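The values are calculated or read from the model by the stated rules, or taken from the named source; none is laboratory data. Just so it is clear, the structure is predicted and the values come from calculations on it, not from any experiment. Positions of Cβ are backbone-derived with ideal geometry, glycine not excepted, and every protein chain shown enters the neighbour counts. For the accessible areas, the whole protein counts, side chains as well, though only heavy atoms, and no ligand, DNA or RNA atoms are used. Shrake-Rupley method; radii C 1.70, N 1.55, O 1.52, S 1.80 Å.
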2 protein chains.
Amino acid sequence: MAIRDPEIIRDKQQMRNWSRSMRSQGKTIGLVPTMGYLHQGHLSLIAEARKHAQLIVVSIYVNPGQFSATEDLSTYPSDFHGDIEKLKSINGGVDVVFNPKDLYDYGGDRERSGGNEVEREGGVVVSCLEDGGGGHETWIRVERLEKGMCGRSRPVFFRGVATVVAKLFNVVEPDVAVFGKKDYQQWRIVQRMVRDLDFGVKVIGAEMIRDEDGLAMSSRNVHLSPQERGQALSISRSLFEAKSAAKGGKTACSELRRSVIESIEAAGGKIDYVEIVDQESLEAVEEIKGGGVVVCVAAWFGKVRLIDNMEIHL
Amino acid sequence: MAIRDPEIIRDKQQMRNWSRSMRSQGKTIGLVPTMGYLHQGHLSLIAEARKHAQLIVVSIYVNPGQFSATEDLSTYPSDFHGDIEKLKSINGGVDVVFNPKDLYDYGGDRERSGGNEVEREGGVVVSCLEDGGGGHETWIRVERLEKGMCGRSRPVFFRGVATVVAKLFNVVEPDVAVFGKKDYQQWRIVQRMVRDLDFGVKVIGAEMIRDEDGLAMSSRNVHLSPQERGQALSISRSLFEAKSAAKGGKTACSELRRSVIESIEAAGGKIDYVEIVDQESLEAVEEIKGGGVVVCVAAWFGKVRLIDNMEIHL
């Protein structure tokens, strides 16, 4: 297992130049967008990308555009040095870490019109709210898929995700990009955006990775107290139970949904949503029949909001 | 002057393959997006593109996404054969005409949920309204620049323009793209979108071309009766007068604006808007000082809505 230092690129133009130079040599490029604080889940996305592309770019960028003023941008965990060490250790390594300081800095005078500005290492970032957001004013919306589930409690989230992914695609110009099915709605939104805007990028959805106890891996798990972490296992447990129940013939979604909600609440969680939806359209399903559905959950344990999901094919 | 047949490409993937093959040979590509029914104005955009790129792609596509249900999608003039003849005759010719049948056809089942469907040669197109628009659901908005002027009377117009331009950029992958300053707000919106989404495309604004009588060239002029055309000259006349007046020291925008409105109304036009705005931000200006402003006009003559503008630098 070779240990190999990735090239670290912080400048957009330099990033694009690297990609174009590689493409002109006939190389294919895989992009794995992350917000850093890497864990096994991220590393599995990189392994997936390796199957589809010769060169791997991992972007590490906490995107202020997807946080609202009341969300956890300022406390989002980061450990750039540790991330690089992890990337060095993986099989095959990665070729480039794209770590821009500020993807929304366009030179020139930046208006600061009341956005959610937060100090982070290296400078000020601006959370781009409807009426703030500095000079940046272009937003991509995937209008149907963004409405439900996480979109209800986080109204600017998917707008921010779609927009920053488009920016990363335009800067990195990858052939393929890998997204985790842990963020199921995000994955579907990116897929739809790529189709609707004709991006020349193939989007791959990679399976979720769980800790041994069943908890879906997330950078935010670090904020859970040991007690909260124990309680949070109710999410995955109730999802596995729902899958078994469905396979056992209990196909009425209202009942399955109620069981999941009750289990999580009994463990001390506060439900944001539990929904059973079609895997493509993300529209609510009443009865599980042939087609694929996915049970999606968001719940709070203490101050930490966790999401998880379970695909069910009968 | 060589007469040369452009290659006509109708398929997205084939278009991208052509561009990538040319780029891999070190060639640069200039895109001139049009809705067809070409006139001298379009040909001047192509001449401008020639200055910046080695190969020229002209797209001819009437974009349903930028028309609302009440607008003139079905009567928008077209003459594909005549367009090709014009393109053959110009100095240097063009390399490719990209003429997709339907940029919003993604294969698969297309939902038809009450959009503005109109028969055109070659099939049905769907005008993508807020709650319709078939399977396409991803839209780009340039939130500040799209609000004023044409955005007020045509609420889905710039959303449709920004979105189709992004699609064309992703399919054609040009190095530069040329837009006419005749569509001043559109040009600024595309520039801003390119900056905000980090497209690797240089946007060029080309000067407006007028007929000898002063009328700004537009495909829609063909719908004017001779009498309306005579009346419509009041637009350019009043704009030239405003420029002279400003240069002569009459710098209060309220007065300049009133003169333009009065001239056009006296000639029988119906004003949509007359605004004097900063050339970059498109925000209203009260007094013309050092910086560049532009006087923008939209007015109806009969059933034809015309736009025109005049940059003023003191």
Open item on the list: The conditions are (1) under 30 Å from residue B:50 (Cα atoms); (2) assigned to a helix (DSSP H, G or I); (3) of a type in the set (D, E, K, R); (4) without any contact (Cβ under 8 Å) to a residue 40 or more places away in the chain, and residue B:220 fails exactly one of them. Which is it?
Closed with: (4)
TODO: For region B:209-230, name all the residues that are in contact with a strand residue (DSSP E or B) (Cβ under 6 Å, 6 or more places away or on another chain) and either under 22 Å from residue B:276 (Cα atoms) or basic (Lys, Arg) (or both).
DONE: B:210, B:216, B:220
Open item on the list: Could you go through region A:268-280 and let me know if any residue there is acidic (Asp, Glu), over 28 Å from residue A:224 (Cα atoms) and in a helix (DSSP H, G or I).
Closed with: no
Task: Hey, residue B:40 polar (S, T, N, Q) and open to solvent by 30 Å² or more (accessible area, probe 1.4 Å) or not - done: yes
Task: Search result, residues across region A:61-75 that are over 14 Å from residue A:169 (Cα atoms) and either open to solvent by less than 10 Å² (accessible area, probe 1.4 Å) or among the hydroxyl-bearing types (Ser, Thr, Tyr) (or both) - done: A:63, A:64, A:65, A:67, A:68, A:70, A:73, A:74, A:75
Open item on the list: If I filter region B:145-162 down to residues being surrounded by fewer than 20 Cβ atoms within 10 Å (Cβ to Cβ) and basic (Lys, Arg), which single residue comes out as farthest from residue B:281 (Cα to Cα)?
Closed with: B:152
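Is it the case that some residue within region A:182-189 is in contact (Cβ under 8 Å) with a residue 60 or more places away in the chain, farther than 30 Å from residue B:102 by Cα and outside any helix (DSSP H, G or I)? Spell out how you get there, then give the answer.
First, the residues of region A:182-189 that are in contact (Cβ under 8 Å) with a residue 60 or more places away in the chain: A:182-185, A:188.
Going one step further and asking which of them are farther than 30 Å from residue B:102 by Cα, we end up with A:182-183.
With outside any helix (DSSP H, G or I) added as a condition, the list becomes A:182-183.
Checked against the condition, which is being in contact (Cβ under 8 Å) with a residue 60 or more places away in the chain, farther than 30 Å from residue B:102 by Cα and outside any helix (DSSP H, G or I), region A:182-189 yields at least one hit.
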Task: Subset tally (residues that are surrounded by 23 or more Cβ atoms within 10 Å (Cβ to Cβ) and of a type outside the set (D, E, K, R)) for region A:187-200 - done: 5
Open item on the list: I need every pair where a residue in region A:249-260 that is surrounded by 18 or more Cβ atoms within 10 Å (Cβ to Cβ) has its Cβ under 7 Å from the Cβ of a residue that is assigned to a helix (DSSP H, G or I), sequence separation at least 6 or different chains.
Closed with: A:256/A:242; A:256/A:245; A:256/A:246; A:260/A:238; A:260/A:239; A:260/A:242
- [ ] Kindly indicate whether any position in region A:18-32 is more than 14 Å from every other protein chain (Cβ to nearest Cβ) and closer than 27 Å to residue A:160 by Cα.
- [x] yes
Task: Every residue from region B:201-216 that is hydrophobic (A, V, I, L, M, F, W, C), open to solvent by less than 30 Å² (accessible area, probe 1.4 Å) and in a loop (DSSP other than H, G, I, E, B) - done: B:201, B:215
Task: Number of the exception - residue B:35 against (1) more than 14 Å from chain A (Cβ to nearest Cβ); (2) under 20 Å from residue B:209 (Cα atoms); (3) under 13 Å from the mean Cα position of the chain (by Cα); (4) open to solvent by less than 10 Å² (accessible area, probe 1.4 Å) - done: (4)
- [ ] Output the residues belonging to region A:123-151 that are among the aliphatic types (A, V, I, L, M), assigned to a loop (DSSP other than H, G, I, E, B) and at pLDDT 95 or above.
- [x] A:145, A:149
Open item on the list: Out of A:178, A:222, I need the residue that is open to solvent by 20 Å² or more (accessible area, probe 1.4 Å) and more than 12 Å from chain B (Cβ to nearest Cβ). Which one?
Closed with: A:222
Task: Matching entry among A:120, A:188, A:110, A:154 (being at pLDDT 95 or above and either over 29 Å from residue A:209 (Cβ atoms) or of a type in the set (D, E, K, R) (or both)) - done: A:188
Open item on the list: Which pairs turn up if I take residues in region A:195-208 that are facing another protein chain (nearest Cβ under 7 Å) and over 14 Å from residue A:167 (Cα atoms) and look for partners that are at pLDDT below 95 and open to solvent by 20 Å² or more (accessible area, probe 1.4 Å) with beta carbon separation below 6 Å, at least 6 apart in sequence or on another chain?
Closed with: A:195/B:106
TODO: Report the residue count in region B:142-168 for those that are more than 9 Å from every other protein chain (Cβ to nearest Cβ), within 30 Å of residue B:25 (Cα to Cα) and touching a Leu at 6+ places or on another chain (Cβ under 9 Å).
DONE: 1
Task: Only listed residue being more than 14 Å from every other protein chain (Cβ to nearest Cβ), surrounded by fewer than 20 Cβ atoms within 10 Å (Cβ to Cβ), out of contact with any strand residue (DSSP E or B) (no Cβ under 9 Å at 6 or more places or on another chain) and in contact (Cβ under 8 Å) with a residue 12 or more places away in the chain, chosen from B:5, B:11 - done: B:5
Open item on the list: Tell me yes or no: at least one residue of region A:287-297 is among the small types (Gly, Ala, Ser), open to solvent by less than 30 Å² (accessible area, probe 1.4 Å) and in a strand (DSSP E or B).
Closed with: no
